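J.: Pasting a structure here, questions to come.
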Amino acid sequence: MISRENPARIAEIVGHVPVTGPSGVDAAVRRADAERRDWSALPVSARADILRERGETLAARQEELATLLARESGKPLADCRGEIGFALAYLRWVCDHAPRVLASSEVDDEAGRLVVSREPYGVVGCVTPWNAPVILALLKLAPALVAGNTVVLKPSPLAPLAVGEVAAALPVVFAVHGGAETGRALAGHPLVRKVAFTGGDVAGREIAANAGAMLTPSVMELGGNDPAVFLPDFSLTTADYERLVMASFATSGQVCMAAKRLYVPRGRAAEFAEAYVAAAERVLVTGDPLTPGVSMGPVVSAAAADRIRALVVASADRGGTAVPLGRVAPGHDPDAGYFVTPVLVTDLDDAAPLVAEEQFGPAVPLLVYDTEEEVLARANAGELGLGASVWSPDEERAFALAGRLEAGFVFVNTHNRTGMSLRAPFGGVKRSGYGREYGEEGLLEYVQTKVVHAPAAFRPGGQGMAPGAYPGTG
Ligand code: NAD
């Protein structure tokens, strides 16, 4: 049994889920496999109608689910409402667009009759993280299900409860629970035909290897170390600075596409830091996730808190200066949970671990640069390439630099969730993963192309072809 504590009040157990061992995973995959033919036999529009209706049922439970998510994840309640609302909006988007995107095409002409259809894989195995458990699961479940797949979902043991409720409300989804062992059994199961993973690179490599051993295709959404590049002409309003602060500190910095390295022109660094600290004072309020007005809760676990504090200590050892940010909510007790003081760290070099690694926590380095070529090279250094941002009032200049950044998604004049779009494919380059979520590409991840072809030469009245001839060569 997994007992999940509230990371903001560690003495409080929010709920329990049973651990699914390898035999339980096998049973879940076999049940999903037994359902796949009936489910895939429905037309796309019929599956979309069923999913849309289930989405409406979940929408009516938004407040209950958001509260549960806040208590198990430590994310502020407003964030949890937003995540669930966005996840259900994505489900609706999928239902609206799938009939067109997944439609078969047919041509019947002098060359023959050719039908190209989009077929489901069968059972999709999904392994998801805790930091945005509902949206990151629905980004897989919604397109997989509408396309006619059935799903076995393994959420993170650090936030299995709200997403468990969502999974239970959807058709042909089977949830299994546990940690790496449960995930391994799922990714390597011979009846799983596609694996979808979001999480860190350590688990990602092992899951991809296990899937690869079965020749099971996978989609991998991994970590990032997003640079935010402020061009010399940057011009930020107070609202821009406030948005930028939350682009780094929402979910206590534990977001794959958070702004994780801030690159500012040397001559404007002091002005930037002053306005940034002032903005944080206005919008960054640490406290219990259920307290109104709180915008940052704890981090997810004691291990995460220790890791992030160690990164800040290591930064000080390298000459960095940590500036505490924001305020604490009235009456807040930082010892009640896994709270970490948010900091902006200045005076670091790019080799410092806080800069070179994904920090995944509330500590952000402010780095200075001298030339555009230099900042481009520094932004592109490293193995990760998930998101990035460019900030400038000159949109042409921003788009030109964006085109040269090694990232799967470059935001212009914003960063993180405010820059997302349901229609825009999201995913990484380099070691940040492969495959895409959102948009039409996110739907097409869950189908494979099938062709039925009657060449004109062999249709009734056709002219035939010499044995072994290549078509179209006379
Ligand atoms: P994690 O990799 O520790 O865990 C993710 C999931 O994998 C969990 O369900 C976990 O139980 C499971 N797992 C762990 N080891 C496994 C193994 N060996 N075999 C099978 N399953 C295994 O990640 P996390 O701490 O939950 O999430 C943080 C990471 O996720 C960060 O690196 C973050 O950047 C990344 N992330 C990426 C995206 C994206 O869209 N690219 C989105 C959110 C988070």
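The values are calculated or read from the model by the stated rules, or taken from the named source; none is laboratory data. What you see is a predicted model, and the numbers here were worked out from it, not measured in a lab. Positions of Cβ are generated from backbone atoms using ideal geometry, with glycine treated the same way; all protein chains shown enter the neighbour counts. Side chains are part of the model used for accessible areas, which takes the heavy atoms of the whole protein and leaves out ligands, DNA and RNA. Shrake-Rupley method; radii C 1.70, N 1.55, O 1.52, S 1.80 Å.
J.: Against the definition (more than 21 Å from Pro227 (Cα to Cα), open to solvent by 30 Å² or more (accessible area, probe 1.4 Å) and more than 23 Å from the chain's Cα centre (by Cα)), how does Ala278 come out, yes or no?
T.: So Ala278 fits the description; yes.
J.: Within segment 154-174, take every residue that is out of contact with any Lys or Arg (no Cβ under 8 Å at 6 or more places or on another chain) and over 16 Å from Val300 (Cβ atoms) and give me the one that is farthest from the ligand (Cβ to nearest atom).
T.: Per the stated criteria, the residue is Ala168.
J.: Looking only at helices (runs of 4 or more DSSP H) that fall completely inside segment 1-91, which ones have 3 or more residues that are under 24 Å from the mean Cα position of the chain (by Cα)?
T.: Per the criteria, 44-59, 62-73.
J.: Quick check on segment 130-150. Is at least one of its residues assigned to a loop (DSSP other than H, G, I, E, B), open to solvent by less than 10 Å² (accessible area, probe 1.4 Å), of a type outside the set (Ser, Thr, Tyr) and near the ligand (Cβ under 9 Å from one of its atoms)?
T.: Looking for residues that are assigned to a loop (DSSP other than H, G, I, E, B), open to solvent by less than 10 Å² (accessible area, probe 1.4 Å), of a type outside the set (Ser, Thr, Tyr) and near the ligand (Cβ under 9 Å from one of its atoms), one finds none in segment 130-150, hence no.
Here is a yes/no grid of residues against (1) aromatic (Phe, Trp, Tyr); (2) touching a His at 6+ places or on another chain (Cβ under 6 Å); (3) buried (at least 16 other Cβ atoms within 10 Å of the Cβ); (4) farther than 25 Å from Pro157 by Cα:
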| residue | (1), (2), (3), (4) |
| --- | --- |
| Gly253 | no, no, yes, no |
| Ala259 | no, yes, yes, yes |
| Pro289 | no, no, yes, no |
| Val313 | no, no, no, yes |
| Thr321 | no, no, no, yes |
| Gly331 | no, no, no, yes |
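J.: Another question, then. Tell me, please, whether a residue that is free of Cβ contacts under 8 Å to residues at least 12 places away in the same chain, open to solvent by 10 Å² or more (accessible area, probe 1.4 Å) and either among the charged types (D, E, K, R) or within 30 Å of Pro471 (Cβ to Cβ) (or both) can be found in segment 162-173.
T.: Going through segment 162-173, the residues free of Cβ contacts under 8 Å to residues at least 12 places away in the same chain turn out to be 168.
Right, trim to open to solvent by 10 Å² or more (accessible area, probe 1.4 Å) and you get 168.
Checking the rest, the ones that are also either among the charged types (D, E, K, R) or within 30 Å of Pro471 (Cβ to Cβ) (or both) come to none.
No, every residue in segment 162-173 fails to be free of Cβ contacts under 8 Å to residues at least 12 places away in the same chain, open to solvent by 10 Å² or more (accessible area, probe 1.4 Å) and either among the charged types (D, E, K, R) or within 30 Å of Pro471 (Cβ to Cβ) (or both).
J.: Are there any pairs with C-beta distances below 8 angstrom linking a residue in segment 85-114 that is touching a residue at least 24 places away in the same chain (Cβ under 8 Å) to a residue that is of a type in the set (Ser, Thr, Tyr) and open to solvent by 20 Å² or more (accessible area, probe 1.4 Å), with the two at least 6 apart or on different chains, and if so which?
T.: Here the result reads Pro99/Ser45, each pair linking segment 85-114 to a residue that is of a type in the set (Ser, Thr, Tyr) and open to solvent by 20 Å² or more (accessible area, probe 1.4 Å).
J.: Ok, one more. Taking Val323 as the residue in question, decide whether it is away from the ligand (no atom under 16 Å from the Cβ), of a type outside the set (D, E, K, R) and over 23 Å from Ala278 (Cα atoms).
T.: no
J.: Let me ask you something else. Output the number of the condition that Glu406 fails; it satisfies all remaining conditions of (1) touching a helix residue (DSSP H, G or I) at 6+ places or on another chain (Cβ under 8 Å); (2) open to solvent by 20 Å² or more (accessible area, probe 1.4 Å); (3) in contact (Cβ under 8 Å) with a residue 60 or more places away in the chain; (4) within 16 Å of the ligand (Cβ to nearest atom).
T.: So the condition that Glu406 fails would be (3).
J.: Quick check, is Pro232 under 21 Å from Gly408 (Cβ atoms), surrounded by fewer than 20 Cβ atoms within 10 Å (Cβ to Cβ), modelled with pLDDT of 95 or more and away from the ligand (no atom under 13 Å from the Cβ)?
T.: The answer is no for Pro232.
J.: So in segment 175-195, with the set limited to residues that are under 18 Å from the mean Cα position of the chain (by Cα) and closer than 20 Å to Gly24 by Cβ, which one is farthest from the ligand (Cβ to nearest atom)?
T.: Among those residues, the one meeting the criterion is Val195.
J.: In addition: Could you please find all residues in segment 181-202 being within 17 Å of Leu215 (Cα to Cα), open to solvent by 10 Å² or more (accessible area, probe 1.4 Å) and in a helix (DSSP H, G or I)?
T.: Within segment 181-202, Arg184, Ala185 qualify.
J.: Sticking with this one: Looking at segment 427-457, which of the residues that are of a type in the set (Gly, Ala, Ser) and over 16 Å from the mean Cα position of the chain (by Cα) is farthest from the ligand (Cβ to nearest atom)?
T.: My answer is Ala457.
Results for (1) touching a helix residue (DSSP H, G or I) at 6+ places or on another chain (Cβ under 6 Å); (2) open to solvent by 10 Å² or more (accessible area, probe 1.4 Å), shown as yes or no for each residue.
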position: Phe360; (1), (2): no, yes
position: Asp370; (1), (2): yes, yes
position: Ala377; (1), (2): no, yes
position: Ser392; (1), (2): yes, no
position: Val410; (1), (2): yes, yes
position: Met420; (1), (2): no, yes
position: Ser432; (1), (2): no, no
position: Leu443; (1), (2): yes, no
position: Ala466; (1), (2): no, yes
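J.: Also, I was wondering about something else. Between Ser301, Ser295, which is in contact with a Phe, Trp or Tyr (Cβ under 7 Å, 6 or more places away or on another chain) and under 13 Å from Ser252 (Cβ atoms)?
T.: So the residue among Ser301, Ser295 that is in contact with a Phe, Trp or Tyr (Cβ under 7 Å, 6 or more places away or on another chain) and under 13 Å from Ser252 (Cβ atoms) is Ser301.
J.: Another question, then. Gly178 fails exactly one of the following numbered conditions: (1) outside any helix (DSSP H, G or I); (2) in contact with a Ser or Thr (Cβ under 6 Å, 6 or more places away or on another chain); (3) surrounded by fewer than 23 Cβ atoms within 10 Å (Cβ to Cβ). What is the number of that condition?
T.: That leaves (3) as the condition not met.
J.: Continuing with the same structure: So how many residues does segment 83-105 have that are of a type outside the set (S, T, N, Q) and open to solvent by 40 Å² or more (accessible area, probe 1.4 Å)? If you could, list the steps in order and put the result at the bottom.
T.: We begin by selecting, within segment 83-105, every residue of a type outside the set (S, T, N, Q); these are 83-103.
After this cut, where a residue has to be open to solvent by 40 Å² or more (accessible area, probe 1.4 Å) as well, the list is 86, 92, 96-97, 99-100, 103.
So the answer is 7.
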